[in-house]
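Please read the structure below before turning to the comments.
Derivation of every value follows stated rules applied to the coordinates shown; laboratory data play no part. A quick note: this is a predicted structure, and the numbers were derived from the prediction, not measured. Positions of Cβ are backbone-derived with ideal geometry, glycine not excepted, and every protein chain shown enters the neighbour counts.
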Amino acid sequence: MAARWLSRASLVDQLPAAQATALRLTILEGLSLRAAAEQLQISAMSVQRAQKKALEALRQQLVA
C-alpha cells in the first residue's frame, strides 16, 4: 500500500542498478535499445532484458 504513494522516480530508484539504468535511458530519456546499449557498452538484448525486468517489477509494486 505504501508503494502507491511513492513517486515514480523513487520506485525506479528501488530497482537493481542495471534495470533502473535501462529504464531511464530507454523510456524516460527516449533512447533506442541500440543507443542505450552503445552508451552502456552492452548488447541491445541485455538492455531489452533489463528493461523488461524493470517494467515487470514496477507493475508488481504498483498493484501490491
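Please arrange 59, 24 by how many other C-beta atoms lie within 10 Å of their C-beta, fewest to most.
Values: 59 10, 24 17.
Sorted ascending by nearby Cβ count, the order is 59, 24.
Between residue 48 and residue 61, what is 0.36 nm times their sequence separation minus the Cα-Cα distance? Round to one decimal in nm.
Values: separation 13, 0.36 × 13 = 4.68 nm, distance 2.00 nm.
Result: 2.7 nm gained on full extension.
Just one of [x] 40; [y] 74; [z] 51 is percent of Cα pairs over 16 Å apart calculated from these coordinates, so which is it?
Recomputing percent of Cα pairs over 16 Å apart here gives the entry labelled [x].
Fewest Cβ neighbours within 10 Å first, please rank 12, 63, 47 accordingly. Before the final figure, lay out the partial values.
Details: 12 19, 63 8, 47 26.
Placing the least packed residue first, the sequence is 63, 12, 47.
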